[in-house]
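The structure appears right after this line, and notes come after that.
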Amino acid sequence: MWGYRPASSMYKRMSSRDYANTIDVEESAVLMQNGTGDTATNPPWRLSLPHVLVACISSFLFGYHLGVVNEPLESISSDLGFSGNTLSEGMVVSTCLGGAFLGSMFSGWIADGIGRRRAFQLCALPMIVGASIRNFFSATAQSLEGMLVGRFSVGLGMGLGPPVASLYVAEVSPAYVRGTYGSFIQIATCFGLMGALLVGIPVKEITGWWRICFWLSTIPPFILGLAMFFCVESPSWLYKQGRSAEAEAELERLMGGSHVKSAIAELYKSDRGEDMDAVSISELVQGRHFKVVFLGSSLFAFQQLSGINAVFYFSSTVFKSAGVPSDLANIFVGLSNLLGSLVAMALMDKLGRKVLLLWSFFGMAVSMAIQATAASAYISSSLALYLSVGGMLMFVLAFATGAGPVPSLLLPEIFPNRIRAKAMAVCMCVHWVINFFVGLLFLQLLEQLGPQLLYTIFASFCIMAVAFVKRNVIETKGRSLQEIEIALLSQ
């Protein structure tokens, strides 16, 4: 299962079409017909699981770095001399996201240029080096500037990891469990957030504990970079590179020998001889692929405009204003996120992506409406407390069941193989830009607009997302990536 075989010159290179002509297409068609909807003929999920779990380490890091400043933020601002400055506090959160934007901008070209596996290793490198640089500046220097330099450096690695993880998981997972495996990305992010919150609990009792929180972040990327030596390369990427024999070898490791011919035949069906390197930004934003890229970008935009990361970044501050101990509140937020992610994992391949998205955004709208009601002057303080805390936990739970995990799974499914990596990069750039401004401006907007109006705005975006998903999103559960691509091209 884990046997390491370097993707080197031991395989003869030939074009994808020439290689496809050497397989028994008739036998492959029979295999595909027998395998459709028949659980008994599905490839064993255990073969691909270890590779998916390793890839999800990058998602764990993503969650950890999103939440690592949540609990220690007050201590950091006090130690570095900007306590009470909401703009500076927002910059500590958002500078990391600025670096992530740059990392995600080039992620598609990196993933297509050097492969998914090496892209993971490249992602791990700046996170190790960046975390060390950040610790040197922010854990020894007593200045806001040092903290911002370190956070920006780590953000570069953060931006590269999530889109590559989404690509890799979609491309190595069997169709019948791809939704379940895609949910692992959100669960790993959840564990990262919870890990950051738990590690940050002693920050009030131990002076300078926030520095330890930063040092611990150097361990997971080292594990990711090392473990990727033993993981498979994406067969889809290898096939598009003309390395069809290597793609077959990797498919055998992922699916077993009896399913290789049918998988190669499906790759051949979606191959139209187009060059991945020829994809330009103009083709994605105004060419024939604009519609599908706009769909993906819009899903990520609605995800962020719902206000979810404002909850994760500043939950300690919001709960403190409601009179709830921040450490207890953060634990409940983490548990709600985990519970919702587990529900999504159980239902993703049963109800489908679209149903989960619809009910998730609707539940988030209701939750934000509850929080807006709690901020009303006509509600008693005791009732407002219950509504505020309950609404926020319900919001996180609803998010984790659909709006959190589905976009990063759905987009690699609907993007054609030729543009998949670069289109994901464009969509993730949209994600990070909005994420950046939400993190930067949330506390200021909360002060100037008040919670009632701000939460109403978030609820309105969630309702808009429901209408958008209902009109534009297609269902992809149980279908191979090649089947989805062919279906979309025929529309």
Put 105, 392 in order of accessible area, largest first, probe 1.4 Å, and you get 105, 392
Long-range share for the stretch 44-231, i.e. C-alpha pairs more than 20 Å apart as a percent of all pairs, stands at 52
Expected field for residue 320, accessible surface area in Å² at 1.4 Å probe radius, rounded to 10, holds 120
Once residue 460 and residue 441 are pulled to full extension, the length gained, defined as 0.36 nm per residue separation minus their Cα-Cα distance, is 5.0 nm
The answer for chymotrypsin sites (Phe, Trp or Tyr not before Pro) in the stretch 365-430 that fall in a DSSP coil and have at most 14 neighbouring Cβ atoms within 10 Å is 378
With the 8 Å Cα cutoff and a minimum separation of six or more residues, the stretch 44-231 has a relative contact order in percent of 41
Row for the stretch 281-490, column shape: gyration tensor on C-alpha, a ≥ b ≥ c, rounded if a/c < 1.5 i.e. under 1.5, prolate if a/b over b/c, else oblate; value prolate
Checked against the positive end of the charge dipole of the stretch 44-231 (+1 on Cβ of Lys and Arg, -1 on Cβ of Asp and Glu, about the Cα centre), the farthest of 130, 47, 70 is 47
At R0 = 60 Å the Cβ-Cβ FRET efficiency linking residue 376 and residue 41, nearest 0.05, sits at 0.55
In nanometres, the difference between 0.36 nm per residue of separation and the alpha-carbon distance of residue 245 and residue 219 is 5.8 nm
Extend 7 Å from the Cα of residue 331 along its Cα-to-C-beta direction; within the stretch 182-202, residues with backbone N under 15 Å of that point are 194-202
The size of the Cβ-based charge dipole (Lys, Arg +1; Asp, Glu -1) of the stretch 281-490 about the Cα centre, to the nearest 20 debye, is 480
Here the gain from full extension of residue 290 to residue 204, 0.36 nm per residue of separation minus their alpha-carbon distance, amounts to 26.0 nm
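The values are calculated or read from the model by the stated rules, or taken from the named source; none is laboratory data. Note that the coordinates shown come from a computational prediction; the quantities given were computed from them, not determined experimentally. Note that we place each Cβ from the backbone using ideal geometry, even for glycine, and neighbour counts take in every protein chain shown. Note: accessible area is taken over every heavy atom of the protein model, side chains too, but ligands, DNA and RNA are not part of it. Shrake-Rupley method; radii C 1.70, N 1.55, O 1.52, S 1.80 Å.
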